[in-house]
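*Asks:* Submitted below is the structure of interest, expressed as C-alpha cells.
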Amino acid sequence: ALLLPVQRAARTQLTIKDRLPESRLPVPFRVPLSIPPLARPLRRDNKRKIDFYSMTMKAARVQILPDGPKTYIFGYDGITPGPTIREKRGRRCVVRQINRLPKTHPYLGYECTTSVHLHGSDSLPQYDGWAEDVIRPGQYKDYRYPDDQDARPLWYHDHAIHHTAQNAYMGCAALYTTHDELEASLPVPKGYGRYEIPLVIQDKIFAQNGNFIYDDDGENSLYGDVILVNGRPWPTMKVERRKYRLRFLNASVSRGFHLALDSGEPFTVVGHDGGFAPEPTEVTSFRLGMAERYGVIVDFARHKIGDQIVLRNLGLPNNQDFANTDVIMRFDVVSNATSTAGNSVPDRLNPSTGRHNPMRLRESDAARTRKWVFERKNGLWTINGRTWDSQRSDADVPHDDVEIWELENRSGGWFHPIHLHLVDFKILDRNGGPPFAYERGPKDVAYVGEGETVRVIARFGPTRGKYMMHCHNLVHEDHDMMTHFDVGATGRDPAEIAPARPLP
Ligand code: C2O
Ligand code: CU
C-alpha cells in the first residue's frame, strides 16, 4: 500500500528546442540498475603500500535511452559514472589522469580542459583539483592521494575553471570509496554491488538525437527531466528480504532531491560525507543536495516477496519538477535472504576520536568565527560580494586551528549546497536551531536552504595550502560562487607545484 501520496505538483514542460519530447522519454522502472565497475589498479606496490591506476578521460557513445539513439558522453575510461576506485585506509594511491577528450566540445564549443577533484579527501593542494590546475587535451597528470582518513564515500569529478558543470554533466564523475577497520568491524551490510549499493543520482536533458542538452537557463541552473541512477533511467533493483546499505550521491548539476520510500518506512542513516556517524538515526525522508552523500540502511525484510517499493523524490523549493522527476527508482523484493552476514545496525557506530573528525568539537574549541554570505549580486553568484579570483585568498587560517564558519544564504530564491575542500565539519546549527536529525555526522557539504544560516565547525588540517570553497550547484560554482582559503598562509599557487604534462 502506498502510504505517501503521489503528488505531482507544479509540473512544467521543458521548452528547449530539439529536446526529446515527453512522449518519447524512457518509461520508469523498465531497466535494471547497474553498478559502476571497479577500477583495476595497474600495479599494487605492497612494500610501499601504493596502488597505481591509470585512467583516460575520453568521449564515447553509450546506450542510456533504452529504445533510443546512443548518447555522446565524456567519461573516465569512457563510461559514466566512471570506474569506482576502492581503497583501504593506509595505502596510498596514484591515479594517472590522461586527457584524451576532443580539443573543443563538438556542440558546446568550449576547450575541453579538465581538473580532477577527489571530493572529500585531504589531498595536498597540488593534487586536489584546483580549478586552474588544468589538464589540457593531450596532457596528463598524476594525482597522489593519501587515503589516510576515516572510511568514506569520496567521489572524483571534474573541477576545471568555468567548465566544471559541462564536464561533469557530460559524465566526468565517479565514486572512490575508502574502507577501514572500523567499517570492517561493524556488522552493517557489505559487499560492493551486493548489499552495499552505490546510488549515483543525476538529472539530464536529452536531445532527439540522444545527446545531452546542456541548458543552464542563462547561468541560473540546469534542471533535467530524466533521472538517472548509476547512468540508467529510473531503474529497478532486485532485493532480498534483508538489510541493504544504500550509499547515495547526488551528482546532479543543480537539482536537489528530497528522498522517501513510498511505503512510508524509515531510512536508518549511518554514514555521511566524511564517514560513519557516531550513532544511527531513523528518518522517513531527507534532503540530498548536490555532492552530499548519505549511507542509509533499509530493511526489505519488512516486505514480502513480490512487493515493490518506489524511491520517491518529494521535491524541494526552487527546483523545477517535470513529469517523472518525483520518482527515482524501484526496489523489487524477489527472494528471502541468501546471507545473514552484516544484517544489523549497531547502536554505536563511530567513536569519532580521530583528530580531524569534527564530531567531538565544541563551540568553545574554536579560535574564531568567519562569516560567509552567499548571494546573487548584479547577475553574478557571489561569496561576500565577490567572485572567484585565483590570486585572492579570502581567509588565512592558521594551520590546525578550529574555526566556526557561518554560512548565510541571502539569495531568497535559491538553495546553495556549500562545499569546503580539505576538511570535514560538524553542523552546529541551522537558523539557530538544531541541525536535521540526519545531518549529525561528519560532512563536507552543507545544504544552505533559501534564507538559511548554517554554522559549521572544523579543524583546518592536516595539510597546508590553498583550498577552494564553493557552491556545488555547478552553474553557480562556474559563474563564480567560489573562493579559496589558505591554511598555514603558504601563499603558494597549487597550479604551479605539479602542473600537468604533455603526453609522450
Ligand atoms: Cu565536489 Cu570543489 O567539489
Ligand atoms: Cu548555489
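*Asks:* Give the residue that is surrounded by the fewest Cβ atoms within 10 Å (Cβ to Cβ), with candidates limited to residues of segment 415-431 that are touching a Ser or Thr at 6+ places or on another chain (Cβ under 8 Å) and in a loop (DSSP other than H, G, I, E, B).
*Replies:* Asn431
*Asks:* What strands (runs of 3 or more DSSP E) lie completely within segment 119-197 and have 3 or more residues being surrounded by fewer than 19 Cβ atoms within 10 Å (Cβ to Cβ)?
*Replies:* Answer list for segment 119-197: 139-145.
*Asks:* Sort out which residues of segment 458-472 are part of a strand (DSSP E or B) and under 17 Å from Ser390 (Cα atoms), and write them in order of number.
*Replies:* Gly465, Lys466, Tyr467, Met468, Met469, His470, Cys471
*Asks:* Restrict the check to segment 385-392 and report whether at least one residue is over 25 Å from the mean Cα position of the chain (by Cα) and away from ligand 2 (no atom under 16 Å from the Cβ).
*Replies:* yes
*Asks:* Something else about it: Being part of a loop (DSSP other than H, G, I, E, B), exposed (fewer than 12 other Cβ atoms within 10 Å of the Cβ) and of a type outside the set (Val, Ile, Thr) is the filter here, so list the residues in segment 349-366 that pass it.
*Replies:* Listed by number, the residues that qualify are Arg355, Arg362.
*Asks:* Let me ask something else. Looking at Leu380, is it touching a helix residue (DSSP H, G or I) at 6+ places or on another chain (Cβ under 9 Å), more than 16 Å from ligand 1 (Cβ to nearest atom) and touching a residue at least 12 places away in the same chain (Cβ under 8 Å)?
*Replies:* no
*Asks:* Another question about this same structure. Restricting to segment 205-223, count the residues that are surrounded by fewer than 22 Cβ atoms within 10 Å (Cβ to Cβ) and not in a loop (DSSP other than H, G, I, E, B).
*Replies:* Going through segment 205-223 one residue at a time, the tally reaches 1.
For every residue, the table says whether it meets (1) small (Gly, Ala, Ser); (2) more than 16 Å from ligand 1 (Cβ to nearest atom).
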{"position": "Gly451", "(1), (2)": "yes, yes"}
{"position": "Thr463", "(1), (2)": "no, no"}
{"position": "Lys466", "(1), (2)": "no, no"}
{"position": "Asn473", "(1), (2)": "no, no"}
{"position": "Phe485", "(1), (2)": "no, no"}
{"position": "Ala489", "(1), (2)": "yes, yes"}
{"position": "Glu496", "(1), (2)": "no, yes"}
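*Asks:* I need the full set of residues from segment 480-502 which are outside any strand (DSSP E or B) and in contact with a Phe, Trp or Tyr (Cβ under 6 Å, 6 or more places away or on another chain), in order please.
*Replies:* Asp480, Met481, Pro494, Ala495
*Asks:* Considering each residue of segment 59-73, count those that are touching a Pro at 6+ places or on another chain (Cβ under 9 Å) and surrounded by 15 or more Cβ atoms within 10 Å (Cβ to Cβ), and give that number.
*Replies:* The qualifying residues number 5.
*Asks:* With respect to Phe425, is the statement that it is under 23 Å from the mean Cα position of the chain (by Cα), among the aromatic types (Phe, Trp, Tyr), more than 22 Å from Pro125 (Cα to Cα) and not assigned by TED's automatic domain parsing to the domain that holds Tyr156 true?
*Replies:* So Phe425 fails the test.
The values are calculated or read from the model by the stated rules, or taken from the named source; none is laboratory data. These numbers come from a predicted model, not from an experiment. Reconstructed Cβ throughout: ideal geometry from the backbone, glycine too, with neighbour counts over all protein chains shown.
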